[in-house]
Amino acid sequence: MNQGRPDAIVIGAGVSGLTTAICLAEAGVRVVIWTAEPTEETTSMAAGAMWGPYHVEPLDRVQAWGAATLDILRRLTDEPDTGVRLVSGIEAAREPVDPPAWGDQLDGFRMCAAGELPPGFAAGWRYTAPLVDMPTYLGYLRRRLSATGGQIERRRVTALTEAVAEAPVVVNCTGIGARDLVPDPDLFPVRGQLVVVENPGLTEFFSEDTGSSPDLLHYYPHGDNLVLGGTAQPDLWRREPDPETAAAIVHRCAEVEPRLRNARIVAHRVGLRPTRGQVRVERHDMHGVCVVHNYGHGGAGVTLSWGCAADAAAFTIAALTYCKPQ
Ligand SMILES: Cc1cc2nc3c(=O)[nH]c(=O)nc-3n(C[C@H](O)[C@H](O)[C@H](O)COP(=O)(O)OP(=O)(O)OC[C@H]3O[C@@H](n4cnc5c(N)ncnc54)[C@H](O)[C@@H]3O)c2cc1C
């Protein structure tokens, strides 16, 4: 495929761009991805990544996007080498709080008895959800795209008009990059830092409902490794890991699970959650050319990925049908 002019250029090779490009390529659209960074350096690579539509709006569309993605992620657990598994565990809070409204979409969702919770926790709920090992999953997405002829090129775009000149439809999946590219001043980074340690043998996840605190607490088992979190620091752009923050993350997790106290650190991860009042998935006509936006997923980009990609692909295909030939 892709001899000559593509039908669509997708900008961005994180989870949003790859998933959207796959939906397009599998529908027969000639698609090429342009990306400033390799997938390994995206925010998507840094994610934990557990299904859960936390703190994202608009609620009605988020519910549909999340449900569509949940369905596909569940099916991917049956395929080898996707990096998606179903994992059970507990989310808990130190104050009495209600469980999330979307809990009943998850297998085995139930409230915990007091004896199941770690010391100091007042409420909790147990469930089984898709947990995604992002390095493996993003590799799977790239292979799946390439199997349909979709290509990825390293290219930083300084203005959307650059891409608009080279394909009838441009799909903007640039994560936090959309702030300058669109431009969109409503989009801001929420910095997340994680620590990857050797897994001392844990098979279940644990996550604290920390409300609006910038200090998160969770651990996710990925086979030999465990991903410890984390932070949610608004308006912080620093992409280098901070050693003191890493030590604090390990300390918080070890207070709940003492086996983590001396766990060997394997890697540090940092990403900038592209955060906005509302996730933006819509068609926008730019000087007569069709741009489809798919960005602003905050801390739920993996959770919403297939649902948003399906909508973005549908807008793109409709635009290809009705756009003026250039
Ligand atoms: C620590 C952490 C933990 C997380 N945990 C979870 C979780 O458990 N569950 C969940 O669902 N989500 C989680 N998230 C959120 C999730 O990672 C993001 O919502 C998601 O990765 C956003 O993906 P994206 O593809 O839109 O953006 P990105 O992954 O940031 O990709 C953007 C792409 O656009 C490209 N780009 C940007 N600007 C330009 C330009 N000008 N020209 C060309 N290319 C450009 C970049 O190079 C990149 O390829 C977490 C995030 C962090 C940081």
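Points worth noting:
- Near-label residues of the stretch 67-92 by backbone N, under 11 Å of a point 7 Å along Cα→Cβ of Leu202: 90
- Candidates Ser44, Ser146, Ser16: whichever shows maximal mean-square fluctuation once the chain is modelled as a Gaussian network with Cα springs under 10 Å: Ser146
- Principal axis extents of the C-alpha atoms in the chain (largest first, rounded to whole Å): 66, 37, 36.
- For the stretch 103-193, the set of trypsin sites (Lys or Arg not before Pro) satisfying both a DSSP loop assignment and a count of at most 16 other C-beta atoms within 10 Å is given as Arg155, Arg156.
- Gaussian network model of the chain, springs between alpha carbon atoms under 10 Å - residue of Tyr295, Tyr127, Tyr54 with greatest fluctuation: Tyr54
- From its DSSP helices (H runs of at least four residues, each -39,500 (n - 2.57)), the chain gives a residue-normalised ellipticity at 222 nm of -9000 deg cm²/dmol.
- Taking the charge dipole of the chain about its Cα centre, with +1 at Lys and Arg Cβ atoms and -1 at Asp and Glu Cβ atoms, the residue from Gly108, Tyr127, Asn199 reaching farthest to the positive side is Asn199.
- Centre-to-centre, using Cα atoms only, the stretch 225-284 and the stretch 115-154 are separated by 15 Å.
- Given charges at beta-carbon only (K, R positive; D, E negative), |dipole| of the chain in Debye: 660 debye
- Positive-end extreme of charge dipole, the chain - chosen from Ala64, Ala300, Pro183 (charges on Cβ): Pro183
- Electrostatic dipole magnitude of the stretch 88-230 [Cβ: Lys, Arg +1; Asp, Glu -1; Cα centre; debye, to 20]: 560 debye
- Sequence ranges 262-269, 275-282, 251-258, ranked by mean other-Cβ count within 10 angstrom, highest first: 275-282, 251-258, 262-269
- Toward the positive end of the charge dipole of the chain, with +1 on the Cβ of Lys and Arg and -1 on the Cβ of Asp and Glu, the farthest Cα among Ile22, Leu228, Gly211 is that of Ile22.
- Kyte-Doolittle mean at least 0.0 and Cα axial length at least 20 Å: DSSP H helices in the chain: 59-76, 243-256, 301-322
- Placing a pseudo-label 7 Å from each Cα along the Cα-to-Cβ vector at Glu244 and Arg154 gives an inter-label distance of 3.5 nm.
Every number here is computed from the coordinates shown, using simple stated rules; none is lab data. A quick note: this is a predicted structure, and the numbers were derived from the prediction, not measured. Virtual Cβ from ideal backbone geometry, glycine too; neighbours counted across all protein chains shown.
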